[in-house]
Amino acid sequence: MRHAKAELLAPGQRDYDRPLASRGRQDAARMGKALRAMKIFPEEIRWDKSLYAAAGDAWLAALRKLEAKIDVVAVVAHTPGIEDAAALVVGASTGFIDCPTAGIIAIEADPPSWKGLEPGAGALRWFLRPKLLEALE
């Protein structure tokens, strides 16, 4: 999931510290309701600031470190890293996925373990945009 829309960067403010804009809070709530309806719930939250502006291959390396007992992962990240990582896992070229703020990309992969996750090992299952859900309300 790409993070929801944030406020514009204020002078002297770090990008990482920007709060969500009003639209971002609405979209985050909308997407959360959709995930709840699909019975997708994160049980544990891990923060890794090193991945904030990381490229797709760094995300793949981080996923490879997950314990084998974990079978579902939700990643909330910044662009272009989240788009690059998704494209890498599904074996697509950079730029294949254009994820709007608060967009969710669902990928299914079945490696023997996370350590075995290689580029192209996943398949794009679905892609959900906040404006689509808004239009359906």
Of the residues in the stretch 1-25, those that are out of contact with any His (no Cβ under 7 Å at 6 or more places or on another chain), outside any helix (DSSP H, G or I) and not aliphatic (A, V, I, L, M) come to ARG2, LYS5, GLU7, PRO11, GLY12, GLN13, ARG14, ARG18, PRO19
Of the residues in the stretch 85-95 that are assigned to a loop (DSSP other than H, G, I, E, B) and not hydroxyl-bearing (Ser, Thr, Tyr), the one that is modelled with the lowest pLDDT is GLY95
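Taking the options LEU66, LEU88, name whichever one is surrounded by 16 or more Cβ atoms within 10 Å (Cβ to Cβ), more than 12 Å from the chain's Cα centre (by Cα) and of a type in the set (A, V, I, L, M, F, W, C). First the steps, then the outcome.
Working: LEU66 fails: surrounded by 16 or more Cβ atoms within 10 Å (Cβ to Cβ).
Just one listed residue meets the conditions, LEU88.
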Is it the case that the stretch 109-117 has a residue that's at pLDDT 90 or above, of a type outside the set (Ser, Thr, Tyr), touching a Pro at 6+ places or on another chain (Cβ under 8 Å) and surrounded by fewer than 16 Cβ atoms within 10 Å (Cβ to Cβ)? no
Filter the stretch 41-61 for residues that are among the aliphatic types (A, V, I, L, M) and assigned to a loop (DSSP other than H, G, I, E, B); the one that is farthest from VAL72 (Cα to Cα) is ALA53
Would you check if there is a residue in the stretch 34-46 being modelled with pLDDT under 95, charged (D, E, K, R) and touching a helix residue (DSSP H, G or I) at 6+ places or on another chain (Cβ under 9 Å)? no
Residue selected from the stretch 96-137 under the condition within 15 Å of the chain's Cα centre (by Cα), in a loop (DSSP other than H, G, I, E, B) and of a type in the set (Gly, Ala, Ser), by the criterion nearest to GLN26 (Cα to Cα): ALA102
Checking ALA58, ALA28, ALA53 in turn, the sole residue that is small (Gly, Ala, Ser), surrounded by 15 or more Cβ atoms within 10 Å (Cβ to Cβ) and either within 20 Å of TRP126 (Cα to Cα) or touching a His at 6+ places or on another chain (Cβ under 7 Å) (or both) turns out to be ALA28
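Working only within the stretch 49-66, note down all residues that are small (Gly, Ala, Ser) and either modelled with pLDDT of 90 or more or within 9 Å of ALA85 (Cβ to Cβ) (or both).
In the first step, residues of the stretch 49-66 are kept if they are small (Gly, Ala, Ser); the result is 50, 53-56, 58, 61-62.
Matches in the stretch 49-66: ALA54, ALA55, GLY56, ALA58, ALA61, ALA62.
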Counting only residues that are touching a helix residue (DSSP H, G or I) at 6+ places or on another chain (Cβ under 6 Å) and in contact (Cβ under 8 Å) with a residue 40 or more places away in the chain, how many does the stretch 88-103 have? 2
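Suppose the filter is assigned to a helix (DSSP H, G or I), closer than 25 Å to ASP110 by Cβ and out of contact with any Asp or Glu (no Cβ under 8 Å at 6 or more places or on another chain); does LEU66 pass it? Give the derivation first.
Details: assigned to a helix (DSSP H, G or I): no; closer than 25 Å to ASP110 by Cβ: yes; out of contact with any Asp or Glu (no Cβ under 8 Å at 6 or more places or on another chain): yes.
No, not satisfied.
The values are calculated or read from the model by the stated rules, or taken from the named source; none is laboratory data. Every value quoted in this text rests on a predicted model; they were computed, and no experiment measured them. Cβ: placed from backbone, ideal geometry, glycine included. Neighbour counts: every protein chain shown.
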